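Working notes, structure below.
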Amino acid sequence: MNESNSIAHRIAAIRQEIPPTVKLVAISKGATVEQMRAAYATGQRDFGESRIQATVEKQAALADLPDICWHLIGQLQSNKVRKAVQMFEVIHSVDSLKLCQQIDRVAGELGKSPQVFLQVKMLPDPQKSGWDVGALLIDLPEINHCKFIQVNGLMSIAPLGLSDQELMHLFVSVADLQNTINRYDYPSINLKHLSMGMSQDYQLAVAAGSSIIRVGSKIFTY
Ligand SMILES: *Cc1c(COP(=O)(O)O)cnc(C)c1O
């Protein structure tokens, strides 16, 4: 089997495991543009990248594929917010009120309305950024004032080394938090989606209610 065939094969296998309502974002941060083209040829349109500069190059190389939807999944620094809003329709890694407000202001200036995900940490994890639950609840009234972004959901990354049971518990707790937040009266915050689940844990995430999975190595590395 050549490489394109095996990428196609792996995407098909993942799609078969998930309901059609769950969106598969192919995380291409470790992939070449040729590998991305192989994924595109299977109908894959959502691609996720973690770095701005690498994405600038990939967008140029893939300019003939204008219907790709680009997702930012990596930590975003203040000085790159403008570029990010220009380049990505979806930002999964909004991890502070300040960043949220910056994205909103720039979106207003550029006439854009990016979809954003609020990144939450259900367990302490020094490797990852994001709100813990208490801090997020405190910031919600300010997030609700953001006028240009679409606050679409919660995003979470499980810490390494959890058992299946612990992973399930964690994913369910994110789904519970989504429901809790949606019951509050914040008109601008309507959390429709949960972005959780990666190569190692997406089956559990989907079982817990995830609607967007971010899968990289299982598609592109072998
Ligand atoms: C790299 C990355 C992924 C994909 O991880 P895999 O284990 O390769 O599927 C998903 N989400 C985020 C935030 C990432 O950084």
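The values are calculated or read from the model by the stated rules, or taken from the named source; none is laboratory data. Computed from a prediction, not measured in an experiment: that's the story for all the values here. With ideal geometry, Cβ positions are generated from the backbone for all residues, glycine too; neighbour counts draw on all protein chains shown.
Out of curiosity, is Lys121 more than 20 Å from Val22 (Cα to Cα), within 16 Å of the ligand (Cβ to nearest atom) and free of Cβ contacts under 8 Å to residues at least 40 places away in the same chain?
Judged against the criteria, Lys121 is a match.
Is it the case that Lys29 is touching a helix residue (DSSP H, G or I) at 6+ places or on another chain (Cβ under 9 Å), within 15 Å of the ligand (Cβ to nearest atom) and either farther than 22 Å from Ile212 by Cβ or modelled with pLDDT of 95 or more (or both)?
Numbers: touching a helix residue (DSSP H, G or I) at 6+ places or on another chain (Cβ under 9 Å): yes; within 15 Å of the ligand (Cβ to nearest atom): yes; either farther than 22 Å from Ile212 by Cβ or modelled with pLDDT of 95 or more (or both): yes.
Yes: the conditions hold for Lys29.
Take the residues in the stretch 176-214 that are β-branched (Val, Ile, Thr) and touching a Gly at 6+ places or on another chain (Cβ under 7 Å); name whichever of them is nearest to the ligand (Cβ to nearest atom).
Ile213
If you scan the stretch 4-26, which residues turn out to be within 13 Å of the ligand (Cβ to nearest atom) and either surrounded by fewer than 17 Cβ atoms within 10 Å (Cβ to Cβ) or assigned to a helix (DSSP H, G or I) (or both)?
Residues satisfying the conditions are Arg10, Ile11, Ile14.
What is the residue count in the stretch 124-156 for residues that are farther than 25 Å from Arg183 by Cβ and either in contact with a strand residue (DSSP E or B) (Cβ under 7 Å, 6 or more places away or on another chain) or crowded, with 21+ Cβ neighbours inside 10 Å (or both)? Steps first, please.
Here is the first cut: in the stretch 124-156, the residues farther than 25 Å from Arg183 by Cβ are 124-129.
Subsequent filtering for residues that are either in contact with a strand residue (DSSP E or B) (Cβ under 7 Å, 6 or more places away or on another chain) or crowded, with 21+ Cβ neighbours inside 10 Å (or both) retains 128-129.
Matching residues across the stretch 124-156 total 2.
Given the criteria closer than 23 Å to Gly134 by Cβ, of a type outside the set (S, T, N, Q) and within 16 Å of the ligand (Cβ to nearest atom), does Ile157 qualify?
yes
So which of Ser217, Ser173 is of a type outside the set (A, V, I, L, M, F, W, C), under 24 Å from Ala12 (Cα atoms) and either in contact (Cβ under 8 Å) with a residue 40 or more places away in the chain or within 13 Å of the ligand (Cβ to nearest atom) (or both)? Please lay out each step first, then the result.
Working: Ser173 fails: under 24 Å from Ala12 (Cα atoms).
None of the others qualify; the one that does is Ser217.
Which residue, of Ser93, Ser50, Ser4, is in contact with a helix residue (DSSP H, G or I) (Cβ under 9 Å, 6 or more places away or on another chain) and modelled with pLDDT of 95 or more?
On the way: Ser50 fails: in contact with a helix residue (DSSP H, G or I) (Cβ under 9 Å, 6 or more places away or on another chain); Ser4 fails: modelled with pLDDT of 95 or more.
The unique qualifying residue is Ser93.
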